[in-house]
Amino acid sequence: MGIESLIVFIIIGAIAGWLAGLIVKGYGFGLLGNIVVGIVGALIAGWLFPVVGLPLGGGILAAIIQAVVGAVVLLVLIRLVKSA
């Protein structure tokens, strides 16, 4: 992985984490936390989407959508664990 790919990965993670924080109210973790949530969400969605059978295709927009869905799932799971 080149430095350019890593930068794009971090930017997509930041955007996805920020959007997921807006969708799931009350669970913003700051810039660095949002990047981590977005990246972990992208990993979750990268595993979840093929299992369910929902291919999104390629491109930056598809990657952001997929990462946002994964990050929302992650934030909902965090909310469930914290409330238990």
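Of note:
- Karplus (6.51, -1.76, 1.60) ³J(HN,Hα), θ = phi - 60°, over segment 41-55, in Hz, Gly and Pro reported as x: x, 5, 5, 4, 5, x, 8, 6, 4, x, 5, 6, x, 10, x
- Residue of 24, 52, 72 that the Gaussian network model of the chain assigns the largest fluctuation, springs spanning Cα pairs under 10 Å: 52
- Going by neighbour counts of Cβ atoms within 10 Å, the residues 51, 8 line up, fewest first, as 51, 8.
- Net lengthening on full extension, residue 78/residue 54 (0.36 nm per residue, minus Cα-Cα): 6.3 nm
- Annotation: extensible slack from residue 32 through residue 47 equals 3.1 nm (criterion: 0.36 nm per residue apart, minus Cα-Cα distance).
- Spread of Cα-to-Cα distances over 5 Å intervals beginning at zero, given as percent, for the chain: 3, 17, 26, 25, 16, 9, 3, 1, 0
- Its relative contact order, with pairs defined as Cα atoms under 8 Å and 6+ residues apart, puts segment 14-83 at 41 percent.
- Helical contribution to [θ] at 222 nm, DSSP H n ≥ 4, -39,500 (n - 2.57), averaged over the chain, rounded to 500: -28500 deg cm²/dmol
No value in this document is a laboratory result; all are computed from the given coordinates. On a predicted model such as this, the values are computed, not experimentally measured, just so you know. When we count neighbours, we look across all protein chains shown, and the Cβ atoms used for this are built from the backbone with ideal geometry, even at glycine.
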